[in-house]
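The values are calculated or read from the model by the stated rules, or taken from the named source; none is laboratory data. Small disclaimer: the values here were computed from a predicted structure and weren't measured. Cβ coordinates were reconstructed from backbone atoms using ideal geometry, including for glycine residues, and neighbour counts include every protein chain displayed.
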């Protein structure tokens, strides 16, 4: 299955490069930047050579690259790797992004490839219109044979509008780019049964078909102290990618030609996507933010799982402030999310009709009611 993400051009496998026309590769800070805050240029050159080989084989590749904050912190002599405060992180990112993008562009140019830079915030991929704009840009760049270099726009992102880690950004980008696979090159080589740093008996998990069964195995530790994700972020990234119909692999980036090494060895953890998801449903499932929550009863839960819309009679209470068309979570009696969708009502009107029959709505609202609180066409089960 690993070859479904990337495979040698002569691989005798049904998961040849053509099975994954588009690939997203995420590169962590600990791989790109050394302890002194300088780019590991020789290592990066070997990775770019791997990318160039994939492009020559017919694969379209987008790169999600960390490292801007670490690079900028060194140039600005900022403490704690530029993460002592939000202001320091923003300044470091603004400074380091120039060096980061310039290095990628120069190394890709050596192989006859053109680089492009895309800086995204959480809102760029959570707002539907901006998401479609980003998706269109990615699609055009990849069709032109360009290698997009993507990073979170840390110079303007705040705590409220940031991904916080590039693992989840890479998964969201895969959905926008309609990529078939994501590879997270990291300072760890996969998901283990327990933390291998403290348990010598920890075993690598090579394949995951059900993310819920392994979520408890992840922790927030970042081995280098340079990154911001940890295994929790990687498992969450897998959830987002799989929901969009993309396989995701966690693999070690240590050593030269990390992408080629992963191709040959297959060592890592592969999260398997069952099938491709419609683009709109994938965007809904992969969202990281919501304006509110609509709690529903057991009967409504069953109806939602059968593909029906959410009627007001099946709702029990409303949380949050939202307008019509905003993204909300639908939660069952145990408060666990079961779906995400676009609400047909603002929170104030939704609260008026919670638990009430449809024939009561016009009198309560003062206008002709809509068919559902959340219509099935604007909803995705989790």
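Screening residue 178 against (1) at negative phi; (2) under 20 Å from the mean Cα position of the chain (by Cα) leaves a single unmet condition, (1). Looking at the structure I just gave you, is residue 322 part of a helix (DSSP H, G or I), within 26 Å of the chain's Cα centre (by Cα) and crowded, with 19+ Cβ neighbours inside 10 Å? Here the answer is no, as residue 322 does not meet what is asked. Going through 73, 30, 84 one at a time, which residue ends up being crowded, with 21+ Cβ neighbours inside 10 Å and either free of Cβ contacts under 8 Å to residues at least 40 places away in the same chain or part of a loop (DSSP other than H, G, I, E, B) (or both)? Criteria check complete, one pass: 73.
Can we say residue 339 is in the same structural domain as residue 245 (by TED's automatic domain parsing), within 27 Å of the chain's Cα centre (by Cα), free of Cβ contacts under 8 Å to residues at least 60 places away in the same chain and under 28 Å from residue 122 (Cα atoms)? No; evaluated as a whole, the condition is false for this residue. Picking from residues in the stretch 282-318 that are assigned to a strand (DSSP E or B) and without any contact (Cβ under 8 Å) to a residue 60 or more places away in the chain, the one that is surrounded by the most Cβ atoms within 10 Å (Cβ to Cβ) is 296. Among residues of the stretch 342-376 being more than 17 Å from residue 318 (Cα to Cα) and in contact (Cβ under 8 Å) with a residue 60 or more places away in the chain, the one that is farthest from the chain's Cα centre (by Cα) is 371. Screening residue 269 against (1) at pLDDT below 90; (2) under 26 Å from residue 212 (Cβ atoms); (3) surrounded by 21 or more Cβ atoms within 10 Å (Cβ to Cβ) leaves a single unmet condition, (1). Scoring residue 264 on the criteria (1) modelled with pLDDT of 90 or more; (2) more than 17 Å from the chain's Cα centre (by Cα) leaves a single failure, condition (1). Among the candidates 68, 89, 52, the residue that is within 18 Å of residue 145 (Cβ to Cβ) and touching a residue at least 60 places away in the same chain (Cβ under 8 Å) is uniquely 52. Inside the stretch 244-261, residues that are in a strand (DSSP E or B) and either more than 20 Å from the chain's Cα centre (by Cα) or surrounded by fewer than 23 Cβ atoms within 10 Å (Cβ to Cβ) (or both) make up a count of 1. Of all the numbered requirements in (1) surrounded by fewer than 22 Cβ atoms within 10 Å (Cβ to Cβ); (2) over 18 Å from residue 31 (Cα atoms), residue 99 misses one, and that requirement is (2). The sole residue among 58, 102, 112 that is in a loop (DSSP other than H, G, I, E, B) and at pLDDT 95 or above is 112.
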